[in-house]
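The block underneath contains the structure these notes are about, expressed in structure tokens.
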Amino acid sequence: VTSPIRDYLDELGPQLRGGWLHRRRTLAEVRDHLADTAAELERRGVERSEAEKTAVERFGDVAASAELLGKRRNRTVRLAPILAGVTLLTGLGLLWLVENGGHPSSDSSNVMHVHYSTLLHREFALQSEHVRHPHLLVSQRRVQPGEVVRVVATGCGSLQDERDEMTWHNHRQLLRSHDEQYTAVFRLHRQGYRVTATFRVPEHSPPGVGLLDVYCGGDSTGQATAMLSVA
Amino acid sequence: VSATHVAVAVTRTGPRIGGEEIPRNAWYGGWVRTQELKGHLDLLVLSAVAAGPRHGYLIVDWLREQSGQEFALPENTVYAALHRLEHAGFLRSARASHQGRTRREYSLSPDGRRALAGKRVEWERFARGMQGVIEAAQ
């Protein structure tokens with residue numbers, strides 16, 4: 001069955017410029033908008049495929065959307081997040097050495113920092129003056145369905161009007177599904193600005209890349225993402 | 001020359017205005033209206049979120065409703081404006097749940113509130129000026 005919305009998103013995704021997080025956020029926003037428009041038209045009696053087609057037409061053509069919604073990159077500015085990320089990672093490494101005397105403690109020996117995640121967040125941080133992203137740590141990055149992963153987010157913002165939440169999804173679902181792409185919401189435990197959780201990889205998780213999103217702090221700045229490899 | 005004649009003419013020649021090519025299938029009057037609206041998009045979007053947090057779909061819907069169906073911009077331009085205004089610090093966004101669905105909602109920052117007040121004053125001056133000229137011509 002053809003889906004004009006799915007086709008639109010599949011075409012838009014590769015044309016969008018900007019960092020992974022920006023593209024992911026934009027695609028999710030466009031997908032939600034198109035789904036809402038189609039749902040409203042359907043509610044008024046329009047047939048599903050026609051509703052999707054109209055929703056896509058109203059939004060604007062793919063090339064224009066890619067041009068309007070892609071993030072223009074400035075070569076000079078791009079160096080800033082890389083330098084900031086390297087500096088931050090070096091600092092974190094030194095801090096770890098100081099705290100652990102160069103030896104992994106029994107408690108945290110298998111907890112690693114998701115390096116790429118920090119770089120993405122530093123890049124994202126350029127978008128706003130009021131950014132504060134948590135640092136996300138996971139006990140392992142290669143997982144099996146049903147396996148348990150320990151998750152720690154530090155540096156979370158104060159709770160606002162939203163509760164902390166953690167979601168798990170397959171990266172392809174973000175592009176493929178125009179309904180809810182998240183498969184589950186997991187309970188988190190908060191102590192001050194630190195949030196911990198024990199996450200069991202869903203049994204139905206397909207092999208490949210899985211994304212674990214943690215939102216703590218109640219706004220867009222309280223987000224961190226870990227990329228796990230499901231065997 | 002009627003709007004229809006202009007539409008035919010621009011379709012044949014594939015014209016450019018200010019370096020921007022007019023879409024071949026666009027109705028000329030509609031295209032001009034879109035261009036005019038784009039100049040005021042920031043004011044429109046800031047106004048749409050002034051009453052409280054809204055997500056993109058509701059903002060588009062609100063603009064259409066409040067303008068009596070007159071402002072039907074290509075919806076991607078509204079999202080471009082939302083992202084630009086957030087980047088400039090005039091808007092903040094946060095995920096929020098609506099009827100079981102999670103959506104990104106936009107709200108005014110204190111800077112956005114000031115910007116909106118300034119843009120309103122600008123618009124009122126502009127509208128007064130236009131009104132004065134049009135009335136004098138009648």
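The values are calculated or read from the model by the stated rules, or taken from the named source; none is laboratory data. All of these numbers come straight from a predicted model, not from anything done at the bench. Virtual Cβ from ideal backbone geometry, glycine too; neighbours counted across all protein chains shown.
Below is a table of values for the structure above.
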read-out: Lone unmet requirement of (1) loosely packed, with under 14 Cβ neighbours inside 10 Å; (2) modelled with pLDDT of 75 or more; (3) within 14 Å of another protein chain (Cβ to nearest Cβ) for B:Ala51; value: (3)
read-out: Candidate set: the stretch B:87-105, residues that are out of contact with any His (no Cβ under 8 Å at 6 or more places or on another chain) and closer than 16 Å to A:Thr37 by Cβ; chosen: the one nearest to the other protein chains (Cβ to nearest Cβ); value: B:Arg101
read-out: Index of the failed condition, B:Leu116 passing every other in (1) out of contact with any Leu (no Cβ under 7 Å at 6 or more places or on another chain); (2) assigned to a helix (DSSP H, G or I); value: (1)
read-out: Residues located in the stretch A:31-88, provided they are out of contact with any Ser or Thr (no Cβ under 7 Å at 6 or more places or on another chain), modelled with pLDDT under 90, over 21 Å from B:Asn76 (Cβ atoms) and not basic (Lys, Arg); value: A:Asn74, A:Thr76, A:Val77, A:Leu79, A:Ala80, A:Pro81, A:Ile82, A:Leu83, A:Ala84, A:Val86, A:Thr87
read-out: Residue match in the stretch A:180-188 (condition: within 24 Å of B:Arg103 (Cα to Cα), modelled with pLDDT of 70 or more and either within 14 Å of chain B (Cβ to nearest Cβ) or not in a loop (DSSP other than H, G, I, E, B) (or both)); value: no
read-out: Some residue of the stretch B:69-80 being in a helix (DSSP H, G or I) and more than 12 Å from chain A (Cβ to nearest Cβ); value: no
read-out: Residue among B:Arg64, B:Arg84, B:Arg125 that is more than 19 Å from A:His33 (Cβ to Cβ), of a type outside the set (Gly, Ala, Ser) and part of a helix (DSSP H, G or I); value: B:Arg125
read-out: Count of residues meeting criterion [more than 13 Å from chain B (Cβ to nearest Cβ), touching a helix residue (DSSP H, G or I) at 6+ places or on another chain (Cβ under 7 Å) and without any contact (Cβ under 8 Å) to a residue 24 or more places away in the chain] in the stretch A:1-45; value: 1
read-out: Helices (runs of 4 or more DSSP H) contained entirely in the stretch A:1-69, each with at least 1 residues that are touching a Gly at 6+ places or on another chain (Cβ under 8 Å) and within 21 Å of B:Val60 (Cα to Cα); value: A:20-43, A:62-69
